[in-house]
Amino acid sequence: MRYFFLSLILVMVMGCGGGEVKDITYDLEIHHGELEEKQSLEANKGDTITFNVNSDSSYVLHLHGYDLEAELQKGQNNKILNFEANATGKFDIALHEAGDEHSHHSHDHGTHGAEHEKCENQFSTTDSASPSINLEVDKDSTNGTLIIKPNIKNFTLVASSNDKNEHSDHNTETTKKGHWHLYLNNELKGMYHMDTLTLKDLEPGDYKVRVALSSTSHCEYNISDEVAIEIMGEKKGHDGHGHGHGGENIIASLEVYP
């Protein structure tokens, strides 16, 4: 079992008045395989967040929900992520061993996000040229595994950018490119740009699976589909540790308020 020592220093450039967006920098120090103190990092929607990380080993850092990843180089001060906090909710921050193939794919867990704001301009639901979703959800032979196929048409799936300056469509243009948001029982689980997603290690129970199209600036379009499905079996116990699936370690969480 691996633990991480995390030292967090918050540097905030405050706006002149209440409610103004801020530039927030978090300095993270990771060493010696122990977690000294787990903290919840906070921001408001619209703030710009930068993560600076100094690590004694090489890892891949993953911010769940925003689906952002960055490589940490051993012994270097890594300015690894700079992004706009445009999704509200609580998002886990995880570390993976460098070279772990699991770390280079979009993740399906560890996010407790709210729904995203709707795009100002929406697609016509009567136009055959508009995007569409025909959601399929299948159960794998492995217990607790779902295979999700959105079957998206007339829409180009692209990866999200780490840099807010690269988002040019905002929520005022109707463009046929972006990614899709996955909700399980009305909770946002992540943002994805692949054709098929496999969710593993789900607890037995009833699930409402919903997929919605999103622009590159993370506002949602009026194109979605949902499926209800039940996973059979007995619920597993939890050991209370901050570990995710597939060899990752949850080291902190980012909470973004509306």
TODO: Using label points projected 7 Å from each Cα along Cα→Cβ, tell me how many nm separate residue 134 and residue 177, to one decimal.
DONE: 2.6
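Which pairs break 22 Å Cα to Cα here: 149/189; 45/149; 176/208; 118/200? Don't jump to the answer; show the numbers that get you there.
Details: 149/189 15 Å; 45/149 30 Å; 176/208 26 Å; 118/200 29 Å.
Violating the 22 Å Cα-Cα cut-off are 45/149; 176/208; 118/200.
So which GluC sites (Glu not before Pro) in the range 184-238 end up in coil per DSSP with only 16 or fewer other C-beta atoms within 10 Å? All intermediate terms of the calculation are to be shown ahead of the outcome.
Working: sites: 187, 220, 226, 230, 234; in loops: 234.
When the GluC sites (Glu not before Pro) of the range 184-238 are filtered for loop state and at most 16 Cβ neighbours within 10 Å, 234 remain.
Around residue 55, under 11 Å between beta carbons, what's the net of Lys plus Arg minus Asp minus Glu among the other residues? Intermediate results must be reported in sequence, preceding the final value.
Values: positive: 74; negative: 29, 56, 71.
Net of charged neighbours comes to -2.
Regarding the range 176-217, what's the average projected area of the Cα-atom convex hull, expressed in nm²? Please report the intermediate quantities before stating the final value.
Working: hull surface 13.5 nm².
One quarter of the hull surface, i.e. the mean projection, equals 3.4 nm².
Using a cut-off of 12 Å between beta-carbons, work out the net charge of the residues near residue 152 (Lys and Arg +1, Asp and Glu -1, residue 152 not included).
On the way: positive: 149, 153, 176, 177; negative: 136, 195, 225.
For residues surrounding residue 152, the net value is +1.
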Task: Under 12 Å, Cβ to Cβ, from residue 132 - net charge with Lys/Arg +1 and Asp/Glu -1 - done: 0
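Just so you know, all these numbers are worked out from the coordinates, no wet-lab data involved. The structure displayed is predicted, hence computed values, not measured ones. Cβ: placed from backbone, ideal geometry, glycine included. Neighbour counts: every protein chain shown.
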